[in-house]
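The values are calculated or read from the model by the stated rules, or taken from the named source; none is laboratory data. Since this is a predicted model, take the numbers as computed values, not measurements. Cβ placement follows ideal geometry from the backbone for every residue including glycine, while neighbour counts extend to all protein chains displayed.
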Amino acid sequence: MPPFIHFGSRAIAAEEGETLLAVLLRNGLPFPHSCQQGNCGTCRCELVSGDVLELPHSEFALSEAERARGVILACRTQVWGDCEIRALDEEEFDVHPSRMLHCRVSGLADFTHDIKEVRLAIEAGGPFEFSAGQYVQLRFGHLGPRDYSMANRPDEAELVFHIRRVPGGVSSAYVFERLRLGEVVTAVGPLGTAHLRRRSGAPILAIAGGSGLAPIRSIVATALHEGMEQPIHLYVGVRAERDVYLEDELRRLAARHANLRVQYVLSDAASGGRRRRGLVHEAVAADFASLAGWKAYLAGPPPMVEAATRLLQERGVGRADIHADAFYTSADRPQAVTA
């Protein structure tokens, strides 16, 4: 007899050694997940009982205190016998039909020396629905899939991406060196749970690092477009002045919406100008003694996301109110999983 996973009212057959997440997704259950590598913590759930094996994972994704309470990562937990799991909460979670889209490159622009805007017009496979903050898997040429977040609002027709050139990155090198207008690109999704919670009236803190501004831009622009009136504080962390982008657009948004505040923070102390210096989470720490009752959206390099997450929890933000998308590259993942 195969082992069974008991989840809610469902009893789902599994193969020995499969991860919980693999079984749930294979059976069409819309279970929250993102990196699938044990790095982000999105797929946390409670193990009620059962015979499982936990694989190595990042401490950022699951702390020792959480493990002591029976919390596990579905993507890093193998099933070896019957088990029962349950969700940690009933938080708002958007589920959209998964699509394979055939798109054509409709726009290319250089934002910075290492970030390029790519616009895609959907030609087949729609209709496509997503929530602000989600991502898709893009395939360029004959290369394998890579995850990229949408920067556009869900109501806008074109899909917009901010693609950073990663040292040694095959897909990003293709985008910078070979991608041309009119070229066909496929997109599969949407994916991810670090999306805008539209029914929440809590104040919003949005923190972006580098090209993490793509999903954060989508979240902030969508919240304002839909008339969300709570305070929205956006912090954008970059290394130096040459890495600043989208500033004019964000300043225009702030001029039209009194509830939006935008700040850029430069980590390179040697950069000129009068901008704030230091790490972006340090700027947040200087501005807020308490953030209890806030919703937070984070996207960017893993060290930034992890440092900001620790700070937010220290300032009173509940773990369920921190929606984070850490941009792990293929080179990051093996190291992060075993950390």
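Quick one: which residue in A221, A187 is more than 19 Å from G318 (Cβ to Cβ), under 20 Å from the mean Cα position of the chain (by Cα) and either part of a strand (DSSP E or B) or of a type outside the set (A, V, I, L, M, F, W, C) (or both)? Please lay out each step first, then the result.
Details: A221 fails: either part of a strand (DSSP E or B) or of a type outside the set (A, V, I, L, M, F, W, C) (or both).
Only one candidate qualifies: A187.
When segment 296-313 is examined, which residues are found to be more than 17 Å from G192 (Cα to Cα) and either basic (K, R) or surrounded by 17 or more Cβ atoms within 10 Å (Cβ to Cβ) (or both)?
Pass one, segment 296-313, residues more than 17 Å from G192 (Cα to Cα): 303-304, 306-313.
Across segment 296-313, the qualifying residues are M304, E306, A307, A308, T309, R310, L311, L312.
Within segment 174-185, the set of residues being exposed (fewer than 14 other Cβ atoms within 10 Å of the Cβ) and of a type in the set (D, E) comprises just one member, E177. Applying the condition of being modelled with pLDDT of 85 or more and β-branched (V, I, T) to segment 314-339 and asking which residue is surrounded by the fewest Cβ atoms within 10 Å (Cβ to Cβ) yields I322.
Kindly establish whether G17 is in a loop (DSSP other than H, G, I, E, B), in contact with a Cys (Cβ under 8 Å, 6 or more places away or on another chain) and farther than 30 Å from R119 by Cα.
Working: in a loop (DSSP other than H, G, I, E, B): yes; in contact with a Cys (Cβ under 8 Å, 6 or more places away or on another chain): no; farther than 30 Å from R119 by Cα: yes.
The answer is no for G17.
Of the residues E84, E59, only one is more than 24 Å from L196 (Cα to Cα), outside any strand (DSSP E or B) and of a type in the set (D, E); which? Walk me through how you get there before you give the answer.
Values: E84 fails: outside any strand (DSSP E or B).
Going through E84, E59 in turn, just one is more than 24 Å from L196 (Cα to Cα), outside any strand (DSSP E or B) and of a type in the set (D, E): E59.
Out of the residues in segment 20-46 that are touching a Lys or Arg at 6+ places or on another chain (Cβ under 9 Å) and either assigned to a strand (DSSP E or B) or surrounded by fewer than 14 Cβ atoms within 10 Å (Cβ to Cβ) (or both), which is modelled with the lowest pLDDT? My answer is R44. When you look at S149, is it within 23 Å of Y235 (Cβ to Cβ) and assigned by TED's automatic domain parsing to the domain that holds E282, yes or no? When the stated conditions are applied, S149 does not pass them.
Considering only segment 223-238, how many residues are farther than 11 Å from L260 by Cβ and surrounded by 15 or more Cβ atoms within 10 Å (Cβ to Cβ)? Of the residues in segment 223-238, 5 are farther than 11 Å from L260 by Cβ and surrounded by 15 or more Cβ atoms within 10 Å (Cβ to Cβ).
Against the definition (of a type in the set (A, V, I, L, M) and under 17 Å from the mean Cα position of the chain (by Cα)), how does I232 come out, yes or no? Criteria not met by I232.
Residues are listed down the side, and each one gets a yes or a no for (1) in contact with a helix residue (DSSP H, G or I) (Cβ under 7 Å, 6 or more places away or on another chain); (2) within 24 Å of R274 (Cβ to Cβ):
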| residue | (1), (2) |
| --- | --- |
| R199 | no, no |
| P203 | no, no |
| G209 | yes, yes |
| I216 | no, yes |
| P231 | no, no |
| Y245 | no, yes |
| A255 | no, yes |
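Look through L213, L224, L250 and report the one residue that is within 13 Å of Y297 (Cα to Cα) and assigned by TED's automatic domain parsing to the domain that holds G300. Let's see the steps before the verdict.
Working: L224 fails: within 13 Å of Y297 (Cα to Cα); L250 fails: within 13 Å of Y297 (Cα to Cα).
Going through L213, L224, L250 in turn, just one is within 13 Å of Y297 (Cα to Cα) and assigned by TED's automatic domain parsing to the domain that holds G300: L213.
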